[in-house]
């Protein structure tokens, strides 16, 4: 059986309706929107790359524009590592568990901002703990949002502040030697 439309306008309206319906529902259940901003203190950073790993397999590589902001879609129901890199800066990572309840109608966006250290700012300091994720993020069923594990983040922030204090102290000592 062949269906014929007498007006191209009707065909366009039907196709437009199908596209809108598909886009409304496809984006709401199959991916998580991740929005980020990367900076050093208040300075913009050139050459920022965000690598996204799914169980240690690189799945996405984002070259961040000069605004130092980016937006991307991520797969759900998996464990991701978000890695932020830039030339002459220490790499930072955080873990993002995108597991969500099966009955969730729409997936909330996760937004973050992250401050990365210049290598020169931490010269002469043991930075080995920077290999650990700075944060752990997961879905909170009660609040119905993605959020970071506050206890872990507080511990990491304390370690970062200690590292920063060490670098400042080392900088003052080297100034005194000159």
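None of the figures in this text is laboratory data; all of them are computed from the coordinates on show. As the structure is a prediction and not an experimental result, all values here were calculated from the model. For neighbour counting, all protein chains shown are included, and Cβ atoms are generated from backbone atoms with ideal geometry for every residue, glycine included.
What the table below lists for this structure:
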| item | result |
| --- | --- |
| Per-residue Cβ neighbour rank within 10 angstrom, fewest leading, 160, 89 | 160, 89 |
| Segment 31-177: relative contact order in percent, alpha carbon pairs under 8 Å with at least 6 residues between | 23 |
| Cα-derived Rg over Rh, computed across segment 38-178 with Rh taken as Kirkwood radius | 1.02 |
| Sites residue 51 and residue 128, calculated FRET efficiency, Cβ-Cβ separation with R0 25 Å, nearest 0.05 | 0.80 |
